[in-house]
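The values are calculated or read from the model by the stated rules, or taken from the named source; none is laboratory data. Everything quoted here is computed from the prediction, not taken from an experiment. For neighbour counting, all protein chains shown are included, and Cβ atoms are generated from backbone atoms with ideal geometry for every residue, glycine included. What goes into the accessible areas is simple: the full protein's heavy atoms, side chains included, and nothing from ligands, DNA or RNA. Shrake-Rupley method; radii C 1.70, N 1.55, O 1.52, S 1.80 Å.
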Amino acid sequence: MADSIRHAGRWTLEDRFASPWHYLPVEVPAGTSGLRVELDYDRATGAVLDLGCFGPGGFRGWSGNARESFVIARDAATPGYLPGELEAGTWQVMIGVHRVPPDGVAYRLTAQTATAAAAPDPPPLAPVPRDRPPRRVLPARPGRRWLAGDLHTHTVHSDGGLTVSELAALAARRGLDFLAVTDHNTVSHHAELAAASRRYGITLLPGQEVTTDGGHAGALGDVGWIDFREEPDAWLDATEAAGGLLSVNHPFAGPVSWTRPMRRRPPLLEVWHWSWLDLRWTLPLSWWLAWDPAAIPVGGSDWHQEGSDAPPGRPTTWVECEGDEPAGVLDGLRAGRVAISAERDGPVLLRHDDALVAVDADGLTVAGPQGPWARVRGDLATLPGWPGPHRLLDPAGAALALCG
(Lines give C-alpha, C1' and ligand atoms only; values in the text may rest on other atoms or scores of the structure.)
Protein backbone atom coordinates (compact mmCIF):
# COMPACT_ATOMS: atom_id res chain seq x y z
CA MET A 1 0.00 0.00 0.00
CA ALA A 2 1.41 3.40 -1.00
CA ASP A 3 0.44 7.01 -0.44
CA SER A 4 1.42 9.85 -2.78
CA ILE A 5 2.25 13.47 -2.03
CA ARG A 6 2.63 15.93 -4.88
CA HIS A 7 4.12 19.39 -5.16
CA ALA A 8 4.19 21.57 -8.25
CA GLY A 9 5.16 25.13 -9.01
CA ARG A 10 7.81 27.29 -10.59
CA TRP A 11 11.26 28.20 -9.32
CA THR A 12 12.32 31.73 -10.23
CA LEU A 13 15.41 33.85 -10.01
CA GLU A 14 13.83 35.53 -7.00
CA ASP A 15 13.68 32.15 -5.26
CA ARG A 16 17.37 31.66 -5.98
CA PHE A 17 18.18 35.14 -4.70
CA ALA A 18 16.27 34.40 -1.47
CA SER A 19 18.12 31.13 -0.77
CA PRO A 20 20.06 28.45 -2.65
CA TRP A 21 17.95 25.79 -0.90
CA HIS A 22 14.23 25.29 -0.60
CA TYR A 23 12.21 22.59 1.14
CA LEU A 24 9.09 20.65 0.19
CA PRO A 25 7.37 18.80 3.07
CA VAL A 26 6.45 15.13 2.90
CA GLU A 27 4.43 13.49 5.68
CA VAL A 28 5.68 10.02 6.48
CA PRO A 29 3.21 7.93 8.52
CA ALA A 30 4.18 5.43 11.20
CA GLY A 31 5.00 2.01 9.79
CA THR A 32 6.47 3.33 6.54
CA SER A 33 9.18 1.04 5.16
CA GLY A 34 10.11 2.98 2.03
CA LEU A 35 10.07 6.47 0.51
CA ARG A 36 10.40 7.20 -3.20
CA VAL A 37 10.79 10.74 -4.54
CA GLU A 38 10.81 11.88 -8.17
CA LEU A 39 11.58 15.38 -9.42
CA ASP A 40 10.57 16.40 -12.92
CA TYR A 41 11.59 19.61 -14.70
CA ASP A 42 12.70 20.64 -18.16
CA ARG A 43 16.50 20.53 -18.27
CA ALA A 44 16.45 21.82 -21.84
CA THR A 45 15.65 25.28 -20.44
CA GLY A 46 19.15 25.41 -18.93
CA ALA A 47 17.80 25.00 -15.41
CA VAL A 48 19.76 22.92 -12.91
CA LEU A 49 18.00 21.74 -9.76
CA ASP A 50 19.65 19.74 -7.00
CA LEU A 51 17.94 17.07 -4.91
CA GLY A 52 18.38 16.06 -1.28
CA CYS A 53 16.45 14.88 1.75
CA PHE A 54 16.15 15.42 5.52
CA GLY A 55 14.14 13.33 7.93
CA PRO A 56 12.97 14.40 11.39
CA GLY A 57 16.29 13.07 12.70
CA GLY A 58 18.44 15.01 10.24
CA PHE A 59 20.32 14.40 7.00
CA ARG A 60 19.21 11.42 4.88
CA GLY A 61 20.90 12.09 1.56
CA TRP A 62 21.99 14.29 -1.30
CA SER A 63 22.47 13.63 -5.01
CA GLY A 64 22.67 17.17 -6.35
CA ASN A 65 21.71 17.31 -10.02
CA ALA A 66 23.09 13.82 -10.71
CA ARG A 67 19.67 12.21 -10.10
CA GLU A 68 16.00 13.07 -10.52
CA SER A 69 14.73 10.39 -8.11
CA PHE A 70 15.74 8.44 -5.02
CA VAL A 71 14.52 5.63 -2.77
CA ILE A 72 15.15 5.30 0.95
CA ALA A 73 14.27 2.01 2.65
CA ARG A 74 15.19 0.34 5.93
CA ASP A 75 17.95 -1.86 4.53
CA ALA A 76 19.12 -0.04 1.39
CA ALA A 77 18.90 3.27 -0.43
CA THR A 78 19.78 4.93 -3.70
CA PRO A 79 23.50 5.87 -3.69
CA GLY A 80 23.86 9.25 -2.03
CA TYR A 81 21.12 8.47 0.50
CA LEU A 82 21.22 6.77 3.91
CA PRO A 83 19.17 3.62 4.55
CA GLY A 84 17.50 3.07 7.90
CA GLU A 85 14.23 3.38 9.73
CA LEU A 86 11.87 5.97 8.31
CA GLU A 87 10.77 8.05 11.27
CA ALA A 88 7.16 9.12 11.34
CA GLY A 89 6.67 12.84 10.90
CA THR A 90 7.43 15.61 8.45
CA TRP A 91 10.31 14.95 6.08
CA GLN A 92 11.78 17.66 3.88
CA VAL A 93 12.80 17.15 0.27
CA MET A 94 15.49 19.75 -0.33
CA ILE A 95 15.67 21.45 -3.73
CA GLY A 96 18.86 23.26 -4.57
CA VAL A 97 17.96 26.05 -6.96
CA HIS A 98 21.36 26.02 -8.62
CA ARG A 99 20.61 27.58 -12.00
CA VAL A 100 17.35 29.13 -13.18
CA PRO A 101 16.57 30.75 -16.56
CA PRO A 102 15.21 34.32 -16.54
CA ASP A 103 11.60 33.16 -16.90
CA GLY A 104 11.92 30.45 -14.26
CA VAL A 105 11.40 26.71 -14.52
CA ALA A 106 8.30 24.67 -13.79
CA TYR A 107 8.70 21.58 -11.61
CA ARG A 108 6.69 18.63 -10.33
CA LEU A 109 7.68 16.52 -7.36
CA THR A 110 6.03 13.24 -6.38
CA ALA A 111 6.74 11.44 -3.13
CA GLN A 112 5.40 7.97 -2.38
CA THR A 113 5.46 6.28 1.01
CA ALA A 114 4.88 2.54 1.27
CA THR A 115 4.45 0.00 4.06
CA ALA A 116 6.07 -2.74 1.94
CA ALA A 117 8.84 -1.25 -0.16
CA ALA A 118 11.38 -3.16 -2.23
CA ALA A 119 14.94 -2.02 -1.47
CA PRO A 120 17.30 -1.35 -4.41
CA ASP A 121 19.53 -4.30 -5.26
CA PRO A 122 23.20 -3.81 -4.36
CA PRO A 123 25.54 -3.50 -7.36
CA PRO A 124 27.82 -6.44 -8.22
CA LEU A 125 31.38 -6.28 -6.93
CA ALA A 126 34.20 -5.55 -9.35
CA PRO A 127 36.74 -8.38 -9.74
CA VAL A 128 39.99 -8.10 -7.81
CA PRO A 129 42.68 -6.96 -10.29
CA ARG A 130 45.45 -9.42 -11.08
CA ASP A 131 47.78 -6.90 -12.71
CA ARG A 132 48.52 -4.55 -9.80
CA PRO A 133 51.95 -2.87 -10.07
CA PRO A 134 54.42 -3.51 -7.24
CA ARG A 135 54.57 -0.94 -4.47
CA ARG A 136 57.01 1.86 -5.21
CA VAL A 137 59.60 2.32 -2.47
CA LEU A 138 60.88 5.85 -1.76
CA PRO A 139 63.50 6.78 0.85
CA ALA A 140 61.70 7.25 4.17
CA ARG A 141 62.54 7.83 7.81
CA PRO A 142 62.85 4.77 10.10
CA GLY A 143 59.48 3.20 10.88
CA ARG A 144 57.72 4.99 8.03
CA ARG A 145 57.08 4.50 4.32
CA TRP A 146 55.79 6.70 1.55
CA LEU A 147 52.31 5.76 0.33
CA ALA A 148 50.99 6.80 -3.07
CA GLY A 149 47.45 8.07 -3.22
CA ASP A 150 44.77 10.46 -4.38
CA LEU A 151 42.72 12.72 -2.10
CA HIS A 152 39.85 13.62 -4.46
CA THR A 153 37.62 11.06 -6.22
CA HIS A 154 33.91 10.43 -6.82
CA THR A 155 31.59 7.45 -7.24
CA VAL A 156 27.94 6.79 -8.08
CA HIS A 157 27.15 8.08 -4.59
CA SER A 158 27.29 11.54 -6.19
CA ASP A 159 28.09 12.29 -9.83
CA GLY A 160 30.76 9.68 -10.52
CA GLY A 161 30.48 6.82 -12.98
CA LEU A 162 31.90 3.95 -10.87
CA THR A 163 30.73 2.11 -7.79
CA VAL A 164 32.97 2.09 -4.72
CA SER A 165 34.25 -1.38 -5.61
CA GLU A 166 34.93 -0.40 -9.23
CA LEU A 167 36.83 2.71 -8.12
CA ALA A 168 38.87 0.73 -5.58
CA ALA A 169 39.77 -1.84 -8.24
CA LEU A 170 40.78 0.90 -10.69
CA ALA A 171 42.98 2.63 -8.10
CA ALA A 172 44.63 -0.68 -7.20
CA ARG A 173 45.36 -1.37 -10.89
CA ARG A 174 47.01 2.05 -11.07
CA GLY A 175 49.33 1.15 -8.19
CA LEU A 176 47.87 3.44 -5.53
CA ASP A 177 48.17 2.60 -1.84
CA PHE A 178 45.36 4.85 -0.60
CA LEU A 179 42.41 6.75 -1.99
CA ALA A 180 40.05 9.30 -0.45
CA VAL A 181 36.48 8.85 -1.68
CA THR A 182 34.99 12.34 -1.53
CA ASP A 183 31.47 12.31 -2.93
CA HIS A 184 29.60 15.60 -3.00
CA ASN A 185 27.72 16.60 0.16
CA THR A 186 27.06 13.04 1.32
CA VAL A 187 28.56 10.25 3.41
CA SER A 188 26.47 7.35 2.08
CA HIS A 189 29.58 5.79 0.51
CA HIS A 190 31.34 5.51 3.88
CA ALA A 191 29.50 2.30 4.77
CA GLU A 192 31.14 0.50 1.82
CA LEU A 193 34.74 1.61 2.31
CA ALA A 194 36.02 -0.87 4.91
CA ALA A 195 34.89 -3.95 2.99
CA ALA A 196 36.24 -2.57 -0.30
CA SER A 197 39.58 -1.77 1.38
CA ARG A 198 39.95 -5.37 2.50
CA ARG A 199 38.85 -6.85 -0.83
CA TYR A 200 41.14 -4.75 -3.03
CA GLY A 201 44.09 -4.22 -0.69
CA ILE A 202 43.92 -0.43 -0.78
CA THR A 203 43.34 2.03 2.04
CA LEU A 204 40.10 3.94 1.40
CA LEU A 205 39.78 7.16 3.39
CA PRO A 206 36.29 8.40 4.27
CA GLY A 207 35.77 11.81 2.76
CA GLN A 208 33.21 14.19 1.37
CA GLU A 209 33.48 17.18 -0.92
CA VAL A 210 31.54 20.00 0.67
CA THR A 211 30.13 21.61 -2.45
CA THR A 212 28.66 25.08 -2.88
CA ASP A 213 28.50 27.76 -5.56
CA GLY A 214 31.35 29.66 -3.92
CA GLY A 215 33.81 26.81 -3.68
CA HIS A 216 34.42 23.19 -2.76
CA ALA A 217 36.24 21.77 0.25
CA GLY A 218 37.44 18.23 0.98
CA ALA A 219 36.60 16.99 4.47
CA LEU A 220 38.85 13.99 5.10
CA GLY A 221 38.24 11.43 7.82
CA ASP A 222 35.28 9.72 9.45
CA VAL A 223 33.88 13.05 10.61
CA GLY A 224 30.15 12.56 10.02
CA TRP A 225 28.14 14.61 7.59
CA ILE A 226 29.28 18.22 7.19
CA ASP A 227 26.39 20.64 6.70
CA PHE A 228 27.24 22.43 3.46
CA ARG A 229 24.52 25.02 4.16
CA GLU A 230 26.70 26.49 6.91
CA GLU A 231 29.62 28.85 6.40
CA PRO A 232 33.07 27.38 5.63
CA ASP A 233 34.37 28.22 9.11
CA ALA A 234 31.70 25.87 10.49
CA TRP A 235 32.93 23.13 8.12
CA LEU A 236 36.44 23.60 9.47
CA ASP A 237 35.28 23.56 13.09
CA ALA A 238 33.19 20.42 12.62
CA THR A 239 35.92 18.58 10.71
CA GLU A 240 38.59 19.39 13.28
CA ALA A 241 36.32 18.53 16.22
CA ALA A 242 35.86 15.04 14.74
CA GLY A 243 39.59 14.52 14.14
CA GLY A 244 39.59 15.14 10.40
CA LEU A 245 41.31 17.50 8.01
CA LEU A 246 39.78 20.09 5.67
CA SER A 247 41.21 21.10 2.30
CA VAL A 248 40.24 23.90 -0.04
CA ASN A 249 39.74 22.07 -3.33
CA HIS A 250 40.68 23.33 -6.84
CA PRO A 251 40.90 26.96 -5.68
CA PHE A 252 41.57 28.24 -9.22
CA ALA A 253 39.17 26.19 -11.39
CA GLY A 254 37.00 28.39 -13.56
CA PRO A 255 33.39 28.66 -12.33
CA VAL A 256 34.07 26.45 -9.30
CA SER A 257 37.04 28.44 -7.98
CA TRP A 258 37.19 29.27 -4.28
CA THR A 259 35.58 32.62 -3.40
CA ARG A 260 34.43 32.02 0.20
CA PRO A 261 35.84 34.16 3.03
CA MET A 262 37.14 32.41 6.15
CA ARG A 263 38.35 33.59 9.54
CA ARG A 264 40.83 30.69 9.77
CA ARG A 265 42.65 28.78 7.07
CA PRO A 266 42.16 25.01 6.64
CA PRO A 267 45.33 22.95 7.07
CA LEU A 268 45.35 21.55 3.51
CA LEU A 269 45.21 23.14 0.06
CA GLU A 270 44.67 21.25 -3.20
CA VAL A 271 47.49 23.00 -5.01
CA TRP A 272 47.70 20.36 -7.76
CA HIS A 273 44.41 19.54 -9.53
CA TRP A 274 43.71 18.66 -13.14
CA SER A 275 42.66 22.30 -13.65
CA TRP A 276 46.39 23.15 -13.57
CA LEU A 277 46.13 22.97 -17.35
CA ASP A 278 49.64 24.13 -18.18
CA LEU A 279 52.26 22.82 -15.76
CA ARG A 280 54.54 25.73 -16.69
CA TRP A 281 52.14 28.15 -14.98
CA THR A 282 52.99 29.31 -11.47
CA LEU A 283 49.37 30.27 -10.72
CA PRO A 284 48.90 27.40 -8.20
CA LEU A 285 51.99 28.54 -6.31
CA SER A 286 50.91 32.17 -6.25
CA TRP A 287 47.43 31.24 -5.00
CA TRP A 288 48.94 29.00 -2.33
CA LEU A 289 51.35 31.66 -1.08
CA ALA A 290 48.68 34.37 -1.11
CA TRP A 291 46.11 32.20 0.67
CA ASP A 292 48.35 30.66 3.33
CA PRO A 293 52.04 29.82 2.89
CA ALA A 294 51.74 27.44 5.87
CA ALA A 295 49.02 25.34 4.18
CA ILE A 296 50.08 21.79 3.39
CA PRO A 297 49.92 21.22 -0.39
CA VAL A 298 48.05 18.16 -1.64
CA GLY A 299 46.90 16.86 -5.00
CA GLY A 300 43.73 15.34 -6.36
CA SER A 301 42.58 13.95 -9.69
CA ASP A 302 38.90 14.80 -9.09
CA TRP A 303 38.10 11.52 -10.87
CA HIS A 304 34.48 11.13 -11.98
CA GLN A 305 34.44 8.83 -14.99
CA GLU A 306 36.40 7.76 -18.04
CA GLY A 307 37.00 10.69 -20.38
CA SER A 308 36.47 13.42 -17.80
CA ASP A 309 38.92 15.01 -15.37
CA ALA A 310 42.06 12.88 -14.77
CA PRO A 311 42.50 9.22 -13.78
CA PRO A 312 43.11 8.36 -10.11
CA GLY A 313 46.69 9.15 -9.16
CA ARG A 314 47.22 11.94 -11.68
CA PRO A 315 48.59 13.73 -9.77
CA THR A 316 49.79 11.39 -7.02
CA THR A 317 49.89 12.62 -3.44
CA TRP A 318 52.65 10.92 -1.45
CA VAL A 319 52.31 10.72 2.33
CA GLU A 320 55.02 9.39 4.64
CA CYS A 321 53.12 7.19 7.08
CA GLU A 322 53.80 5.02 10.12
CA GLY A 323 50.94 2.71 9.11
CA ASP A 324 48.66 2.17 6.16
CA GLU A 325 45.33 2.59 7.93
CA PRO A 326 43.25 5.76 7.33
CA ALA A 327 44.43 7.18 10.66
CA GLY A 328 48.06 6.75 9.61
CA VAL A 329 47.47 8.59 6.34
CA LEU A 330 45.68 11.42 8.15
CA ASP A 331 48.52 11.67 10.70
CA GLY A 332 51.08 11.95 7.90
CA LEU A 333 49.03 14.64 6.19
CA ARG A 334 48.56 16.52 9.44
CA ALA A 335 52.31 16.48 10.06
CA GLY A 336 53.01 17.80 6.55
CA ARG A 337 54.95 14.72 5.40
CA VAL A 338 53.63 15.20 1.87
CA ALA A 339 54.92 15.42 -1.70
CA ILE A 340 53.11 15.50 -5.05
CA SER A 341 54.14 14.04 -8.39
CA ALA A 342 52.51 14.29 -11.78
CA GLU A 343 52.41 10.48 -12.07
CA ARG A 344 52.74 7.61 -9.64
CA ASP A 345 55.84 6.32 -11.42
CA GLY A 346 57.33 9.70 -12.31
CA PRO A 347 59.99 11.86 -10.66
CA VAL A 348 59.40 12.75 -7.00
CA LEU A 349 60.81 15.54 -4.82
CA LEU A 350 60.77 14.82 -1.07
CA ARG A 351 61.70 16.81 2.02
CA HIS A 352 63.92 14.92 4.43
CA ASP A 353 64.84 16.96 7.53
CA ASP A 354 66.75 19.98 6.14
CA ALA A 355 67.35 18.50 2.70
CA LEU A 356 65.53 17.81 -0.55
CA VAL A 357 65.68 14.33 -2.06
CA ALA A 358 65.03 13.98 -5.80
CA VAL A 359 64.05 10.48 -6.93
CA ASP A 360 64.22 9.29 -10.56
CA ALA A 361 64.84 12.88 -11.63
CA ASP A 362 68.24 12.74 -13.33
CA GLY A 363 68.72 15.78 -15.57
CA LEU A 364 65.70 17.69 -14.30
CA THR A 365 65.89 21.19 -12.82
CA VAL A 366 65.06 22.09 -9.24
CA ALA A 367 63.16 25.38 -8.86
CA GLY A 368 62.45 27.18 -5.60
CA PRO A 369 60.66 30.41 -4.69
CA GLN A 370 63.32 32.41 -6.59
CA GLY A 371 63.22 30.18 -9.67
CA PRO A 372 65.51 27.43 -11.04
CA TRP A 373 68.71 26.90 -9.08
CA ALA A 374 70.12 23.38 -9.58
CA ARG A 375 70.23 20.41 -11.93
CA VAL A 376 69.61 16.92 -10.53
CA ARG A 377 72.46 14.43 -11.06
CA GLY A 378 71.60 10.75 -10.67
CA ASP A 379 68.44 8.82 -9.82
CA LEU A 380 68.70 9.57 -6.09
CA ALA A 381 70.09 13.01 -5.32
CA THR A 382 70.21 15.06 -2.11
CA LEU A 383 70.16 18.85 -2.34
CA PRO A 384 69.91 21.76 0.12
CA GLY A 385 66.37 22.24 1.42
CA TRP A 386 65.52 25.90 1.77
CA PRO A 387 62.04 26.94 2.95
CA GLY A 388 59.18 27.41 0.50
CA PRO A 389 57.68 25.48 -2.40
CA HIS A 390 60.05 23.58 -4.66
CA ARG A 391 59.43 21.88 -8.02
CA LEU A 392 61.12 19.54 -10.42
CA LEU A 393 60.95 20.98 -13.94
CA ASP A 394 61.41 19.32 -17.30
CA PRO A 395 63.38 21.10 -20.10
CA ALA A 396 60.23 22.99 -21.14
CA GLY A 397 59.69 24.31 -17.63
CA ALA A 398 56.72 22.05 -16.80
CA ALA A 399 56.39 20.88 -13.20
CA LEU A 400 56.74 17.11 -12.73
CA ALA A 401 56.91 17.10 -8.91
CA LEU A 402 56.21 19.49 -6.05
CA CYS A 403 56.85 19.73 -2.32
CA GLY A 404 56.28 22.38 0.31
Bin by bin, in steps of 10 Å, what percent of the Cα pairs in region 1-87 do you find, going until the bin that has the longest distance? 15, 47, 30, 8
For a distance above 16 Å, tell me the whole-number percent of Cα pairs in region 133-204 that qualify. 48 percent
Mean projected area in nm² (Cα convex hull; one quarter of hull surface) for the chain: 20.6 nm²
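Please give the charge dipole size of the chain, origin at the Cα centre, charges +1 on K and R Cβ atoms and -1 on D and E Cβ atoms. Round to the nearest 20 debye.
On the way: 35 positive and 49 negative charges, 165 e Å.
Dipole magnitude for the chain comes out near 800 debye.
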Probe of 1.4 angstrom, ligands and nucleic acids ignored: what's the accessible area per residue over region 251-341, in square angstrom? 42 Å²
Between region 103-163 and region 190-255, what is the separation of their alpha carbon centroids in Å? 13 Å
Quarter of the Cα convex hull surface for region 211-360, i.e. its orientation-mean projected area (nm²): 9.8 nm²
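So what is the relative contact order of the chain, in percent, for Cα pairs below 8 Å that sit 6 or more residues apart?
Numbers: 1035 pairs, mean separation 49.1, N = 404.
Here the relative contact order equals 12 percent.
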Filtering GluC sites (Glu not before Pro) in region 298-379 by DSSP loop and by at most 12 other Cβ atoms within 10 Å leaves GLU306
Roughly how much of ASP353 is accessible, in Å² to the nearest 10, using a 1.4 Å probe? 110 Å²
What is the Cα radius of gyration of region 118-171 over 2.2 N^0.38 Å, N being its residue count? 1.58
Which angle between 0 and 90 degrees, to the nearest 10, do you get for helix 232-241 versus the longest principal axis of the chain when only C-alpha atoms count? 80 degrees
Region 66-162: trypsin sites (Lys or Arg not before Pro) in DSSP coil with no more than 15 other Cβ atoms inside 10 Å: ARG74, ARG130, ARG135, ARG144
Pick out which of ALA290, ALA194, ALA217 has the largest mean-square fluctuation in a Gaussian network model of the chain, springs linking Cα atoms closer than 10 Å. ALA290
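Given the -39500 (n - 2.57) contribution per DSSP H run of 4+ residues, what per-residue ellipticity at 222 nm results for the chain, rounded to the nearest 500 deg cm²/dmol? Present the calculation step by step, with values, prior to reporting the outcome.
Working: 6 runs with 55 residues, N = 404.
For the chain, the value works out to -4000 deg cm²/dmol.
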Gaussian network model of the chain, springs between alpha carbon atoms under 10 Å - residue of ARG174, ARG260, ARG43 with greatest fluctuation: ARG43
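Determine the gain in length on full extension of the stretch GLN305-ALA398; use 0.36 nm per residue of separation and subtract their C-alpha separation, reporting nm with one decimal.
Details: separation 93, 0.36 × 93 = 33.48 nm, distance 2.60 nm.
Here the segment from GLN305 to ALA398 would lengthen by 30.9 nm.
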Region 321-404: relative contact order in percent, alpha carbon pairs under 8 Å with at least 6 residues between: 28 percent
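Suppose accessible area is computed on protein heavy atoms with a 1.4 Å probe; arrange MET94, MET262 from highest to lowest.
Details: MET94 0, MET262 25 Å².
Most to least solvent-accessible, the answer reads MET262, MET94.
Under the definition of Cα pairs under 8 Å and six or more residues apart, what whole-number percent is the relative contact order of region 272-381? Before the final figure, lay out the partial values.
Numbers: 165 pairs, mean separation 18.2, N = 110.
Computed over region 272-381, the figure is 17 percent.
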Let me check the size of region 286-392 from its C-alpha atoms; what are the radius of gyration and Dmax in Å? 14.7, 41
Given a 1.4 Å probe and the protein chains all in place, what does the accessible area of ILE296 round to, in Å² to the nearest 10? 30 Å²
Among LEU350, LEU125, LEU35, which one shows the biggest mean-square fluctuation in a GNM of the chain, springs joining Cα atoms closer than 10 Å? LEU125
